[in-house]
1. Suppose a student asked you for the relative contact order of segment 177-321, using Cα pairs under 8 Å spaced at least 6 residues apart; what percent would you report?
2. Got a sec? How would 186, 173 order by Cβ neighbour count within 10 Å, fewest to most?
3. For segment 177-321, what is the convex hull volume of its Cα atoms per residue in Å³?
4. What's the ranking of 305-313, 191-199 by average number of surrounding C-beta atoms within 10 Å, highest first?
5. On full extension of the chain, what length is gained from residue 147 through residue 271, given 0.36 nm per residue of separation minus the C-alpha to C-alpha distance?
6. FRET efficiency for residue 63 and residue 173, Cβ-Cβ distance as r, R0 = 25 Å, nearest 0.05?
7. In what order do 300, 316 fall by count of nearby beta-carbon atoms within 10 Å, going from fewest to most?
């Protein structure tokens with residue numbers, strides 16, 4: 001008896017599998033179907049790929065240390081990437097998305113049937129797309145490249161990129177110091193309690209590591225860090241003019257007039273009043289700066305002119321610019 005029931009159940013199961021499932025009538029479309037437009041899809045894919053190429057050019061340009069007009073090229077790469085992306089969205093919205101014009105606003109989707117109709121409306125609006133994989137791949141490439149371009153400046157704060165513009169300088173051993181008028185600075189012309197601005201001869205004065213401040217102190221007052229013996233001939237010192245707090249220019253020199261009432265000489269940044277002691281390697285004695293000013297070693301040639309005896313003691317600029325290494 002039980003065996004017969006099992007046979008009947010198996011026969012019914014086999015018959016049920018052979019029968020095709022009943023086809024339900026397709027619901028009436030909300031949005032009229034639109035013809036496929038493969039050319040428009042190719043245009044959108046090409047624009048997305050162009051956006052990806054331009055966005056990928058941003059980190060590549062960023063990685064080059066000696067590229068002229070780098071800032072302009074970075075802006076051009078990012079601007080073109082967004083321009084191509086905008087053009088792709090405009091073409092897709094104009095030619096690939098089926099639209100429906102209504103004379104009244106959509107009612108709030110409160111009822112399940114209205115929610116279903118809204119979902120079908122969204123699904124039917126994409127009938128023009130016949131190369132979905134191509135478009136999704138191009139969109140993914142563009143999005144990935146743009147994301148990489150946007151996070152590249154953040155990554156450069158670590159060890160992934162080494163932007164040498166923040167550490168390399170035009171100063172080399174034997175480079176002559178010249179004043180703002182282009183005339184070479186002589187050791188016997190550097191007076192105490194006076195502030196001088198100097199540049200490397202023949203170099204671009206707009207470079208971050210070019211400008212230095214030059215002051216003269218009595219040699220007996222110097223208390224420079226270890227290893228800097230001989231860096232200040234005749235008490236003449238040179239430090240980077242770029243403040244290590246926010247990159248402003250050191251433009252003030254506090255020279256005591258009524259000793260010992262007033263404090264000792266100091267270099268002062270006018271932006272946030274970071275104050276540095278030139279006698280002790282420009283260490284910070286007041287203000288928000290996080291480290292001393294980098295010192296440039298000096299020497300005096302046979303004609304009495306000041307020349308650099310090497311490069312700076314540390315990276316030039318704000319502290320967070322030099323996290324990857326020392327100046328070379």
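Bear in mind that the values in this text are calculations on the coordinates, not laboratory data. These numbers were taken from a predicted model, which means no experiment stands behind them. Using ideal geometry, Cβ is built from the backbone for each residue, glycine included, and neighbour counts are taken over all protein chains shown.
1. Values: 334 pairs, mean separation 33.1, N = 145.
The value is 23 percent.
2. Working: 186 14, 173 11.
By the 10 Å Cβ count, ascending: 173, 186.
3. 113 Å³
4. Numbers: 305-313: 21.3, 191-199: 16.0.
Highest mean packing first, the order is 305-313, 191-199.
5. The span from residue 147 to residue 271 would gain 41.2 nm if fully extended.
6. Details: r = 29 Å, r/R0 = 1.15.
Plugging the Cβ-Cβ distance into 1/(1 + (r/R0)^6) gives 0.30.
7. Values: 300 16, 316 29.
Lowest to highest Cβ neighbour count: 300, 316.
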